[in-house]
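Everything below concerns the one structure shown next.
The values are calculated or read from the model by the stated rules, or taken from the named source; none is laboratory data. It should be emphasised that the depicted structure is a prediction, and the values quoted were computed from it without experimental measurement. For neighbour counting, all protein chains shown are included, and Cβ atoms are generated from backbone atoms with ideal geometry for every residue, glycine included. Quick note on the areas: whole protein, heavy atoms, side chains included, nothing else; ligands and nucleic acids left out. Shrake-Rupley method; radii C 1.70, N 1.55, O 1.52, S 1.80 Å.
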Amino acid sequence: MEPETRSAATARSSLWVPRLASLLLALGVLGALWGTAYSINGMTQAPATVKAPVTLAVSELAAGWGNVRVQVTGVDVPAGWLAGARPDGLQASGVDGGLTVAAWGSTRVEQLLGRGDWLIGGIGLLVGAVALRPVLLSIAAGRPFAPGNARRITLVAATVAVVGAAAPLAPQIAGQLVLARTGLARTGAFVSTVAVSPEPLLVAALVLAVATAFRAGEAMSRDVDGLV
């Protein structure tokens, strides 16, 4: 790349990268505020109706998912039936499909966990934005391997893993609490299980690999500075 072209590209990056850093930080703050407000609002509504995901037990007459028939008033599927949603993530055996239970008499804990994915996701977005902002600013300044960038990217990887695993679990735990409180857990129609999705862990591993590359770059940068 010619020196003039490289200088022009660096100048453009120095303009839009700081704006991207500011935008990410603004989104992080808004996400954390919204998640917190939404969760607190749910807690104040107890003992109103709470809605949470639950998992149907597999039918004894058939294997696989979608064999438990769900009844909806006024709906008749010709030569078929309605079934719960296909299970997501890594599930235990004996799972047929997912439903949402809506039950009156909720507790504050149920309401909080039922909206906990928004709370955890919002806080995670803020942590990631705060960690990435110095990295982006140093890249805009032409110092991508500035000290501390590898540590900050590692924090982002950990945040992705924790938030990706914990956020979906909160509503599922709320569903288990609702089933236990209402006595539906004793009917045998539902299973006491939670699903974990592997995708966030794979993304976290990829981000961690980037952090490792940045750590190597920081070491090379220190060696070059020592020779000057």
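Structure above, values below:
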read-out	value
Residue match in the range 133-155 (condition: more than 16 Å from the chain's Cα centre (by Cα), small (Gly, Ala, Ser), at pLDDT 95 or above and more than 23 Å from Pro200 (Cα to Cα))	no
Matching entry among Thr159, Thr212 (being within 21 Å of Leu23 (Cβ to Cβ) and of a type in the set (Ser, Thr, Tyr))	Thr159
Test result for Ala165, in a helix (DSSP H, G or I), touching a residue at least 12 places away in the same chain (Cβ under 8 Å) and surrounded by 21 or more Cβ atoms within 10 Å (Cβ to Cβ)	no
Any hit, the range 7-30, residues being modelled with pLDDT of 90 or more, basic (Lys, Arg) and exposed (fewer than 14 other Cβ atoms within 10 Å of the Cβ)	yes
Within the range 139-160, tally of residues that are buried (at least 19 other Cβ atoms within 10 Å of the Cβ) and not in a helix (DSSP H, G or I)	2
Residue within the range 175-185 that is among the polar types (S, T, N, Q), modelled with pLDDT under 95 and either part of a helix (DSSP H, G or I) or open to solvent by 40 Å² or more (accessible area, probe 1.4 Å) (or both) present	no
Test for Thr44: is it open to solvent by 40 Å² or more (accessible area, probe 1.4 Å), of a type outside the set (Phe, Trp, Tyr), farther than 28 Å from Ala189 by Cα and modelled with pLDDT of 95 or more	yes
Selection from the range 191-212 of residues that are open to solvent by less than 50 Å² (accessible area, probe 1.4 Å), of a type in the set (Gly, Ala, Ser) and assigned to a helix (DSSP H, G or I)	Ala204, Ala211
Qualifying residue in the range 68-79 (condition: modelled with pLDDT of 85 or more, within 25 Å of the chain's Cα centre (by Cα) and over 22 Å from Ala165 (Cβ atoms))	no
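Conditions tested, residue by residue: (1) of a type in the set (A, V, I, L, M, F, W, C); (2) buried (at least 21 other Cβ atoms within 10 Å of the Cβ); (3) outside any helix (DSSP H, G or I).
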| site | (1), (2), (3) |
| --- | --- |
| Asp96 | no, yes, yes |
| Leu99 | yes, no, yes |
| Ala102 | yes, no, yes |
| Leu112 | yes, no, no |
| Gly121 | no, no, no |
| Gly124 | no, yes, no |
| Leu137 | yes, no, no |
